[in-house]
Amino acid sequence: MHMTRIIQVTDCHLQAGEDDLFKEENPEQRLLAVLDDVRATHPCPDILLLTGDLAHHGYSTVYDRLQSYTINMATAIRWIPGNHDDASKMLEYKSLSGKVVVEGAWCVILLDSTSEPDGAGGGALSGAQLCWLDNVVNEYPNHFILIGLHHPPVNVGSLWQDKIMLSNKEIFWKQVASYEKLKLVLCGHLHQEHQIHRENVAVLVTPATAPQFAVGTDTPLLEPDRDLSLPGYRVIDLFDDGRYETIVKRVPF
């Protein structure tokens, strides 16, 4: 049976300079440790997805570095913006900006959830994005669907984070309820791991490569657990019968 392997890397928060710190740690070195681990343990996956907050302030130099770090790491490499990114600059990198990848029996659709920013980190899917999503799903009626976006469309029981989720998540769920072959929604944004099911769809939230946040807090708190504080990434294996398997890998740093 054909299997498609996806590696998801998210929330890198790379700074203007390679030695600049974020939350008192070096995000560049944390990312490079993750990429080294991916190369060693999952060489040449089918798809490498970079799901937002890649640059903390959207500097072009950061995107240049990230492109150089990931070159030739997968058959297809794609990125989408998060609330910290400069989406227009990211679109200038044509090879990384495609939003549909079809592999085997699966169609991977990537969405920009940075519309209607609230200034605190939240975002939304624009009407144009939702219309485009419908069109793509209709174009691939026989494929299983994985949707990737930065902002999770579910609450996770963390007071401060639930305020900055996908603001139009109920509109999203109402629309995708008709997608019979939608299996997975893949997100970042939270700097922690979750797997939540809604409407027979698994919502997978993946830890950051940057410093992590503790789960279930009222205010931002860095993860105190040594193992959970490590940089992480997700591996997703998609099978042609619609099944999937996924693990989160933490990388010693």
- Note on the structure: Looking across the stretch 62-87 at residues that are among the aliphatic types (A, V, I, L, M) and in contact with a Leu (Cβ under 7 Å, 6 or more places away or on another chain), the single one that is nearest to Val38 (Cα to Cα) is Met73
- Name the residues in the stretch 52-82 that are touching a residue at least 12 places away in the same chain (Cβ under 8 Å), in a helix (DSSP H, G or I) and farther than 17 Å from Tyr233 by Cα, would you? Ser60, Thr61, Val62, Tyr63, Arg65, Gln67
- Identify, please: which residue in the stretch 6-35 is without any contact (Cβ under 8 Å) to a residue 40 or more places away in the chain and under 22 Å from Ser95 (Cα atoms) and is, among those, farthest from the chain's Cα centre (by Cα)? Leu32
- Message: Testing Asn72 on (1) touching a strand residue (DSSP E or B) at 6+ places or on another chain (Cβ under 6 Å); (2) closer than 18 Å to Arg5 by Cβ, one condition comes back false. Which one is that?
- Response: (1)
- Task: Hey, could you check the stretch 23-51 for residues that are out of contact with any strand residue (DSSP E or B) (no Cβ under 7 Å at 6 or more places or on another chain) and of a type in the set (Lys, Arg) and say which is farthest from Ile236 (Cα to Cα)?
- Result: Arg30
- Return yes or no: is Ile109 in contact with a strand residue (DSSP E or B) (Cβ under 6 Å, 6 or more places away or on another chain) and closer than 20 Å to His197 by Cα? yes
- Counting only residues that are under 19 Å from Pro81 (Cα atoms) and in contact (Cβ under 8 Å) with a residue 40 or more places away in the chain, how many does the stretch 120-153 have? 15
- Six or more apart or on different chains, Cβ under 8 Å: which pairs go from a residue in the stretch 40-51 that's buried (at least 19 other Cβ atoms within 10 Å of the Cβ) to one that's basic (Lys, Arg)? Could you list them? Pro45/Arg5; Asp46/Arg5; Ile47/Arg5; Ile47/Arg78; Leu48/Arg78; Leu49/Arg78; Leu50/Arg78
- Message: With the requirement that a residue be crowded, with 19+ Cβ neighbours inside 10 Å, closer than 23 Å to Asp240 by Cα and in contact (Cβ under 8 Å) with a residue 60 or more places away in the chain, what does the stretch 182-203 give you?
- Response: Leu184, Leu186, Cys187
- Query: Which one of these is assigned to a loop (DSSP other than H, G, I, E, B), crowded, with 20+ Cβ neighbours inside 10 Å and more than 15 Å from the chain's Cα centre (by Cα): Pro207, Pro211, Pro224, Pro220?
  - Reply: Pro211
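Each reported figure results from applying straightforward, stated rules to the coordinates on display, with no laboratory input. Since we're looking at a predicted model, the values are computed, not measured. Cβ sites come from the backbone with ideal geometry, for glycine too, and all protein chains shown count toward neighbours.
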